[in-house]
Amino acid sequence: MGVIIEESGMQFGEYEQNQVFQIEKCEQYTKSLRQNGIKTCEFILRRGKKLYFFEAKRSCPKQVVESNQPEEEEQKKNARDKYNEYIEEIVLKMRHSLLLYGNILLKRFPQENVPKYLANIDLSDTQIYLILVLNPKNGEWTPEPELRDDLMMHLKDELQIWKIQNLLVITRDQAKEKHFIL
């Protein structure tokens, strides 16, 4: 039986044991880093020469478009703040996951519970992808293109340093089409 990961109302998988590193549940993270404000994405998946960092969410606040209606200003400020906090949270999860995984590869953290397929190998020609999968309640909603753009802008240094192939913001249906979820 393969690995199935339950997250944000979705079932990711079914993956082979050696393909998946559940970084959010690993001891390297849970024993000392989580308590100190470090955040991680849900898991890392390796398929052939592709390495995927997955974050899953049930919702996403809408980006606020500016207008000249002063009576709505406080409401817009709150919505802007929620959107910015959301972006910051996703950015930290991706950034910290890359750093933790890199330090595990450098053996600055133990490689226990990391499949050999993800630990003791040459990743020099592996393409890295950051993926945010959204599973909103109504299921019909699609993320605004600005969400991806904002994430890419905030992660531009990591995208360059790690030579990350792409950052994707996809829905549950798109994840299903790509065979990431059941």
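Determine, from the Cβ-Cβ distance of Ala119 and Leu182 and an R0 of 25 Å, the FRET efficiency 1/(1 + (r/R0)^6), rounded to the nearest 0.05.
0.45
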Item to check | Hz values of 3J(HN,Hα) by residue in segment 34-48 - Karplus curve (6.51, -1.76, 1.60), Gly and Pro given as x | outcome: 4, 5, 9, x, 6, 10, 9, 6, 6, 7, 10, 10, 10, 10, x
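Give the average over all directions of the projected area of the C-alpha convex hull of segment 120-182, one decimal, in nm². Don't skip to the answer; put the middle values down first.
Numbers: hull surface 22.9 nm².
That works out to 5.7 nm².
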Checklist entry - Percent relative contact order of segment 1-112, based on C-alpha pairs within less than 8 angstrom and at least six residues apart? => result 22 percent
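For a quick check: sort Met94, Met152, Met1, Met10 by the number of other beta carbons within 10 angstrom, fewest at the front. Mind dumping the intermediate values first?
On the way: Met94 26, Met152 16, Met1 5, Met10 20.
Lowest to highest Cβ neighbour count: Met1, Met152, Met10, Met94.
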Checklist entry - Nearest 10 degrees, 0 to 90: what angle lies between the long axis of helix 73-105 and the longest principal axis of the chain (Cα atoms)? => result 10 degrees
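Expected output is a single nm value to one decimal: the length gained when fully extending between Thr30 and Lys156, i.e. 0.36 nm times separation in residues minus the C-alpha distance. What is it?
Numbers: separation 126, 0.36 × 126 = 45.36 nm, distance 2.74 nm.
Extra length available between Thr30 and Lys156 comes to 42.6 nm.
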Checklist outcome for this item: The answer for Arg58, listing residues at least 5 apart or on another chain whose modeled amide H is closer than 5 Å to its amide H, is Asn135
Checklist entry - Any idea what angle helix 145-154 forms with the longest principal axis of the chain, computed on alpha-carbon atoms, 0 to 90 degrees, nearest 10? => result 60 degrees
Next on the checklist: Taking a ≥ b ≥ c as the square roots of the Cα gyration tensor eigenvalues, with a/c under 1.5 meaning rounded and otherwise prolate when a/b beats b/c, else oblate, which class fits the chain?
Outcome noted: prolate
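Using Cβ counts within 10 Å as a stand-in for footprinting exposure, how do Asp125, Asp149 rank, fewest first? Could you put the intermediate results ahead of the total?
Details: Asp125 6, Asp149 13.
Fewest-to-most ranking of Asp125, Asp149: Asp125, Asp149.
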Next on the checklist: Within a 10 angstrom radius of the beta carbon, how do Ser97, Ser124, Ser8, Ser59 rank from fewest other beta carbons to most?
Outcome noted: Ser124, Ser59, Ser8, Ser97
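How long is the gain from Arg108 to Glu85 if the chain were fully straight, where each residue apart is worth 0.36 nm and the alpha carbon distance is subtracted? Write down the numbers at each step before the final one.
Details: separation 23, 0.36 × 23 = 8.28 nm, distance 3.03 nm.
Contour length minus the Cα-Cα distance gives 5.2 nm.
Bear in mind these aren't lab numbers, they're just calculated from the coordinates by the rules spelled out. No experiment lies behind these values; they were computed from the predicted model shown. Cβ: placed from backbone, ideal geometry, glycine included. Neighbour counts: every protein chain shown.
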